[in-house]
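To keep things clear, I will list the structure first and then write my remarks on it.
Just so it is clear, none of the values below were taken in a lab; they were calculated from the coordinates. Bear in mind the structure is a predicted one, so any value in this text is a computation, not a measurement. Don't worry about glycine lacking a Cβ; one is built from the backbone with ideal geometry, like all the others, and counts go over all protein chains shown.
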Amino acid sequence: MNAESLPTPSPGARRPGLRIVRSAPEQLPLDLQWEVSPGVPAQPGVPALLHVVGDPDDPTDASLPDPRRWTAQLAQAVSEVLAGSRPAAQLTRWLARDQLARISARAAARALHPSARAQRGVPRPRTVRAVRVCPIAPGIVEASAVLVGGERAQAIAVRLEATAGRWVATVVDVR
């Protein structure tokens, strides 16, 4: 089924909430033209009902802090909360409520683990070694950070969304 054979929506029909978000290409695709089967192209066309969002050059607002630096600071703070050297309440303004609850619960569980009791008083400083930021759409950035120190490295992935002139982490995943 190609884009030309799709049925046209009725005037009162609701358009699907799908969108294509394109980022700046780092590597161009190979210029290969081939078909999966006769008459079916390998790369399908864009359906007529799909709303395509533009490709913004700089999707971040100039009034927001630099997402790279902000991600590094947030990753350091989350790591300190998980290590038990910083209270989770200090991140209330910067994390979504569900994410703050997840981080708090994980820190509490880690503090109760027998291995954590054996290491009390042993400082485990972690420093941010690398940060990668990927703009998704205006006001939305996905970032990752690598922290090193102690016995192993730690990776943190964060989704930042602009809210009231500041970044708020709506997803935080620590590995």
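Let me check I've understood the local charge: for Val148, count other residues with C-beta under 9 angstrom from its C-beta, Lys and Arg +1, Asp and Glu -1. What total comes out?
+3
Please give the residues of the stretch 149-175, grouped as numeric ranges, whose backbone N is less than 18 Å from a label point set 7 Å along the Cα-to-Cβ vector of Ala105. Inside the label zone: 170-175.
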